[in-house]
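Reviewing the structure listed below.
The values are calculated or read from the model by the stated rules, or taken from the named source; none is laboratory data. Small disclaimer: the values here were computed from a predicted structure and weren't measured. Neighbour counts run over all protein chains shown; Cβ positions are idealised from the backbone, glycine included. Quick note on the areas: whole protein, heavy atoms, side chains included, nothing else; ligands and nucleic acids left out. Shrake-Rupley method; radii C 1.70, N 1.55, O 1.52, S 1.80 Å.
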Protein chains: 4
Amino acid sequence: MSNTEDKSTHTLVVSAPDRSGLVAQVASAIASHGGTLVESHNHTDTQQSRIIKRNVIADAQTYAPAAIQQDFTETAAKLSLDWSLHNNGEPARLVILASHASHCLADILYRWKSGEFNCEIPCVISNHENLRSMVEWHGIPFHFVPVSKDNKQEAFAKIDDIIERHRATTIVLARYMQIFPAPLCAKYEGQLINIHHSFLPSFIGANPYQKAFDRGVKLIGATCHYVPTDLDEGPIIEQAVVRVDHSCDKDDLVRLGRDVERSVLSRGLRYHLERRVIIFGNRTVVFR
Amino acid sequence: MSNTEDKSTHTLVVSAPDRSGLVAQVASAIASHGGTLVESHNHTDTQQSRIIKRNVIADAQTYAPAAIQQDFTETAAKLSLDWSLHNNGEPARLVILASHASHCLADILYRWKSGEFNCEIPCVISNHENLRSMVEWHGIPFHFVPVSKDNKQEAFAKIDDIIERHRATTIVLARYMQIFPAPLCAKYEGQLINIHHSFLPSFIGANPYQKAFDRGVKLIGATCHYVPTDLDEGPIIEQAVVRVDHSCDKDDLVRLGRDVERSVLSRGLRYHLERRVIIFGNRTVVFR
Amino acid sequence: MSNTEDKSTHTLVVSAPDRSGLVAQVASAIASHGGTLVESHNHTDTQQSRIIKRNVIADAQTYAPAAIQQDFTETAAKLSLDWSLHNNGEPARLVILASHASHCLADILYRWKSGEFNCEIPCVISNHENLRSMVEWHGIPFHFVPVSKDNKQEAFAKIDDIIERHRATTIVLARYMQIFPAPLCAKYEGQLINIHHSFLPSFIGANPYQKAFDRGVKLIGATCHYVPTDLDEGPIIEQAVVRVDHSCDKDDLVRLGRDVERSVLSRGLRYHLERRVIIFGNRTVVFR
Amino acid sequence: MSNTEDKSTHTLVVSAPDRSGLVAQVASAIASHGGTLVESHNHTDTQQSRIIKRNVIADAQTYAPAAIQQDFTETAAKLSLDWSLHNNGEPARLVILASHASHCLADILYRWKSGEFNCEIPCVISNHENLRSMVEWHGIPFHFVPVSKDNKQEAFAKIDDIIERHRATTIVLARYMQIFPAPLCAKYEGQLINIHHSFLPSFIGANPYQKAFDRGVKLIGATCHYVPTDLDEGPIIEQAVVRVDHSCDKDDLVRLGRDVERSVLSRGLRYHLERRVIIFGNRTVVFR
């Protein structure tokens, strides 16, 4: 559950068909370069018979990232591994999109400023102007890209251009109230994270708090998930709920929900940035 | 949040159109008989402009239940109140229906034996024989009523007969895996309580744990609700969730879910037995 | 559980020896002025035989605050009531003290800006300069009052002067790392709120996260409480915990604890500002 | 988090000074016998620079438990490992001690009967007779060993004799209200599990619910821990809390606490039985 890796480490993620000896082979490859395992998680998916591994590796003097990259490419080919080896000295580049509501954006910026996220935030994009001052106070450029019925294609072309120009590696929709076009969702698959203000699959779509109030549920929740073509239905990264009762009107649900939304999104985002999340069909492995 | 009222008390529940002075009038009526308020809850539903009150009343020497019943009937007529006044010395009569799974039934019987529920349990009905020994060990008669495709009407006529014969005031479906016929649901409306093994409205219907596994949710839950004609969709009394992760297969969800189901059902049942639950359309007020 | 009362309402809090008819008398006094109960909570303390009531009262046209104040003064004398009647159109005046850590302060300012707290914040006081920019960005004056071993008396005289000058009605120690002098604690009894970064009474005093780590607890917590002479031991308003495990080092506890501290403090502060908290010896009644 | 291992597997627990290559060497040793890792947890304790591993190993045809035991003994000597290899086909033998309160004992027996615990329960020992019928209904022998001021030494000699005779590998104090003699605590160190009815280190010793009530805490809890010489102060396995408020009197705390106690004890016991708990000074690693 530890946070923001030492910048001198590497994070290795491996996914491969399960078989005896695989863990030993991967561990041996790391050890042969003098690497030490700081953190090590394994999961065996019995249904699909796959092993998923995540290792944070501290480097010995003899260990050169370039060497292990090259070496691991060979090992992986031999062993039929899906793998990635990430240098934690190279922070992710996070672009955030928001609309009018500030709570999720404010929480991410706050945690980023506190050093909880190992990333750079090259810019924030919004279809409203009201959050500009808060963003710029953090020293982050703010791009106002208005979206209307008539300019959608143009607006999202502009958004995509901004994302590309800033070389974003992760994009977060922090209560961004516009539907992302399917081609962009496809382009950024596995990098595009959304927060939905309900406990999915309950209350998919618009106005989940009104729906929750009308249904009389005793808990409300929030869901952080990857965005597929269908907005609310991607692989779930994190969820949480909070208790409500008959004394809560819809505005109370909205207010209480804000706290859940922001903490669920920030937690899910941290898992993603620390490469703790492995997408597995429509499900996720999250090595907390 | 206190439990199982002193048997010398009465519980008054009032629902009425909101207007100035109503609380004072009800409180005055109680005081005029020398009653003392041991517990007092109020809720104003602003949408429907109704006041809902629940009072537990300790009796003064001058206070006679028959007198207050009569007096209150007059007050209620004058004030257009829906009301009920229950003598807590007269325990509810609870009939439980179960199938093969024992966890919910066992939990209810355990709490009942521990004095947590102010009720009698005149019998348990099941379509399997495997729980007979546990029920009879508690000194409670066990009725085996097999249900098949072909004998449904006959079986439920028999079940209704047993319920009637035992003068049940509350009926609990403790993971009873047969669909209650609509006419019986209507007959026992507001007295018939079910536990659904998901966080409604997610995963309505059969096999919710399989559905939860397939969807990759990070929390699973249970819902205690009144049964309307449509099995999973009545007013919700209580809900809770438990965290799960990628290491849980479907059997783990079933096992972890059992703990949530039994505690949610027992808690909801207690609220109902203590007359803390007021149905309000498809929602509930629960004065905990 | 609803939030920040309509500014046209009054909040009445009553504490009195329990006896039959009291609730009726208070309710009648309200009704006689045409007041309507928007929210109504009652608690009977059986040990001390006292009734505690909190009512939010919406005014009818015929209802004049001055009149009810006068009338209630008479009623209260007759009935031996402790009572207060607060005009919710007059917001509390909150002064916050912080040191170097920003999380609690940032959360309070954020919620205040979002309209979650019915109060004014005339200033923030700190013994460090690092939070000035954040405070001033919110349009709130920032007072830097350094505290050292040698200037304690002088520094706190200055702090008290600032508090008085801004007519504070509530003072919050938002991870303020200086011990408040006993005379100031006495002067602001019931108005001075602290957040302690442990689940009291565990880990009283300095370095609670280190102590929690050394003890190997599986949950860490935070406690919002009124400050008496002894810093960590006043009446508790609110507490919460978060799960930790062996993978968390002390820095992880600090990081995870920040989230609990800020939400516990903000929740407790809201209860206090909405006059939901009634101190009762070393315990509190909190009408959520 | 999965439950009750396949009986054809082995569980390997290793603790060793941290160094590069260790995980590879252990994994290679397993693989060289054709073993497959079904479950694999690793923890690096950075303070003490130790690696702790737990592996559940499924056997290949070529894999013989006797062979791996022998082989691992050699490996361990070479690598300075503390290690244990347990055949999951050989269930633990659990002896439970209880007094008058039934909730923890009932919960353990219920889960055992449901197949949640991979253990045998050769007997239950109590200093009261009231739980005999419940125990015997489960088909488990019940030993009544009265304990008084005068017969303590004799009584515990008898208890120790029963434990030995039944070859217990785990002993649970399920709200057993007698203090275990220090020599027995020493004899069964790491095998003797207690449930304390508070959130330790709060409210150590007798009457924790009364103390919690008097202190006015907003959460009450329970702690499952190994018993050292000092009854309440051993390594903590599991803890949980439940919310309470001013409406709860001491009896309500006791009632609500029962639910937490029984679930915390059962969860901690399961972790222990599945060899998920590694004691580490006065702390524990729990691989859930």
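Based on what the data block shows, is C:SER102 free of Cβ contacts under 8 Å to residues at least 60 places away in the same chain and of a type in the set (S, T, N, Q)?
Yes; evaluated as a whole, the condition is true for this residue.
Being of a type in the set (Val, Ile, Thr) and surrounded by fewer than 21 Cβ atoms within 10 Å (Cβ to Cβ), is that true of even one residue in the range C:65-87?
Within the range C:65-87, one or more residues are of a type in the set (Val, Ile, Thr) and surrounded by fewer than 21 Cβ atoms within 10 Å (Cβ to Cβ).
Which of the residues that make up the range D:77-115 are touching a Ser or Thr at 6+ places or on another chain (Cβ under 7 Å) and among the acidic types (Asp, Glu)?
Of everything in the range D:77-115, those that are touching a Ser or Thr at 6+ places or on another chain (Cβ under 7 Å) and among the acidic types (Asp, Glu) turn out to be D:ASP82, D:ASP107.
Determine whether C:GLU116 is in a loop (DSSP other than H, G, I, E, B) and either under 17 Å from the mean Cα position of the chain (by Cα) or closer than 27 Å to A:GLY139 by Cα (or both).
Yes, satisfied.
Of all residues in the range B:201-218 being of a type in the set (A, V, I, L, M), more than 7 Å from every other protein chain (Cβ to nearest Cβ) and in a loop (DSSP other than H, G, I, E, B), which is nearest to B:ARG255 (Cα to Cα)?
Applying the first criterion (of a type in the set (A, V, I, L, M)) to the range B:201-218 yields B:204, B:206, B:212, B:217.
If we keep only those that are more than 7 Å from every other protein chain (Cβ to nearest Cβ) as well, we get B:204, B:206, B:212.
Those left that are additionally in a loop (DSSP other than H, G, I, E, B): B:204, B:206.
On the way: B:ILE204: 19, B:ALA206: 17 Å.
Restricting to residues being of a type in the set (A, V, I, L, M), more than 7 Å from every other protein chain (Cβ to nearest Cβ) and in a loop (DSSP other than H, G, I, E, B), the top hit is B:ALA206.
Under 9 Å by Cβ, and 6 or more places apart or on different chains, what pairs join a residue from the range C:80-96 that is on the phi > 0 side of the Ramachandran plot with one that is open to solvent by 40 Å² or more (accessible area, probe 1.4 Å) and part of a strand (DSSP E or B)?
From residues that are on the phi > 0 side of the Ramachandran plot, the pairs are C:SER80/C:PRO17.
Could you tell me which of the residues A:VAL264, A:VAL260, A:VAL241 is touching a residue at least 12 places away in the same chain (Cβ under 8 Å), within 8 Å of another protein chain (Cβ to nearest Cβ) and within 19 Å of B:PHE199 (Cα to Cα)?
None of the other options fit; the residue is A:VAL241.
Output yes when any residue across the range B:206-220 is assigned by TED's automatic domain parsing to the domain that holds B:TYR188 and under 19 Å from the mean Cα position of the chain (by Cα), and no when none is.
Going residue by residue through the range B:206-220, those that are assigned by TED's automatic domain parsing to the domain that holds B:TYR188 are B:206-220.
So of that shortlist, the ones also under 19 Å from the mean Cα position of the chain (by Cα) come out as none.
So far as the range B:206-220 goes, no, none of its residues is assigned by TED's automatic domain parsing to the domain that holds B:TYR188 and under 19 Å from the mean Cα position of the chain (by Cα).
Scan the range A:224-276 residue by residue and report those that are in a strand (DSSP E or B) and surrounded by fewer than 20 Cβ atoms within 10 Å (Cβ to Cβ).
Start the filter on the range A:224-276 by keeping residues that are in a strand (DSSP E or B), which leaves A:224-226, A:236-243.
Scanning the range A:224-276 gives A:VAL242, A:ARG243.
Output the number of residues of the range B:149-193 satisfying the condition of being open to solvent by 10 Å² or more (accessible area, probe 1.4 Å) and not in a helix (DSSP H, G or I).
Summing the residues that are open to solvent by 10 Å² or more (accessible area, probe 1.4 Å) and not in a helix (DSSP H, G or I) in the range B:149-193 gives 17.
Could you go through the range C:105-115 and let me know if any residue there is over 27 Å from A:ARG258 (Cα atoms), of a type in the set (D, E, K, R) and more than 14 Å from chain B (Cβ to nearest Cβ).
no
Give just the number: which of (1) closer than 20 Å to A:LEU97 by Cβ; (2) at the interface with another protein chain (Cβ under 10 Å from one of its Cβ atoms); (3) without any contact (Cβ under 8 Å) to a residue 40 or more places away in the chain does A:ARG255 not satisfy?
Evaluating A:ARG255 over (1) closer than 20 Å to A:LEU97 by Cβ; (2) at the interface with another protein chain (Cβ under 10 Å from one of its Cβ atoms); (3) without any contact (Cβ under 8 Å) to a residue 40 or more places away in the chain leaves (1) as the failure.
Search the range B:146-158 for residues that are assigned by TED's automatic domain parsing to the domain that holds B:ILE125 and pair each with any residue that is part of a helix (DSSP H, G or I) when their beta-carbon atoms are under 8 Å apart and the residues are at least 6 apart or on different chains.
B:PRO146/B:ALA155; B:VAL147/B:ALA155; B:VAL147/B:PHE156; B:SER148/B:ALA155; B:PHE156/B:LEU184
Do any strands (runs of 3 or more DSSP E) entirely within the range A:1-75 hold 2 or more residues that are within 11 Å of chain D (Cβ to nearest Cβ) and at pLDDT 85 or above, and if so, which?
A:36-45, A:50-58
Does the range B:48-63 contain any residue that is open to solvent by less than 20 Å² (accessible area, probe 1.4 Å), more than 28 Å from C:ARG50 (Cα to Cα) and of a type in the set (Gly, Ala, Ser)? If you could, list the steps in order and put the result at the bottom.
Restricting attention to the range B:48-63, the residues satisfying the condition of being open to solvent by less than 20 Å² (accessible area, probe 1.4 Å) are B:51-57, B:63.
Adding the requirement that they be more than 28 Å from C:ARG50 (Cα to Cα) leaves none.
Checked against the condition, which is being open to solvent by less than 20 Å² (accessible area, probe 1.4 Å), more than 28 Å from C:ARG50 (Cα to Cα) and of a type in the set (Gly, Ala, Ser), the range B:48-63 yields no hits at all.
What single numbered condition from (1) modelled with pLDDT of 95 or more; (2) facing chain B (nearest Cβ under 10 Å); (3) touching a helix residue (DSSP H, G or I) at 6+ places or on another chain (Cβ under 8 Å) fails to hold for A:VAL285?
(3)
Consider A:GLY221 carefully, then state whether it is under 30 Å from C:ASP6 (Cα atoms) and assigned to a strand (DSSP E or B).
So A:GLY221 passes the test.
Check B:ILE108 against each of (1) part of a loop (DSSP other than H, G, I, E, B); (2) under 26 Å from the mean Cα position of the chain (by Cα) and name the one condition it does not meet.
Of everything listed in (1) part of a loop (DSSP other than H, G, I, E, B); (2) under 26 Å from the mean Cα position of the chain (by Cα), B:ILE108 misses just condition (1).
Pick from A:ARG165, A:ARG175: which is of a type in the set (Lys, Arg) and away from every other protein chain (no Cβ under 14 Å)? Step through it out loud before you land on a result.
Numbers: A:ARG175 fails: away from every other protein chain (no Cβ under 14 Å).
Result: A:ARG165 is the single residue among A:ARG165, A:ARG175 that is of a type in the set (Lys, Arg) and away from every other protein chain (no Cβ under 14 Å).
Find the residue count for the range A:82-103, including only residues that are in a strand (DSSP E or B) and not hydroxyl-bearing (Ser, Thr, Tyr).
12
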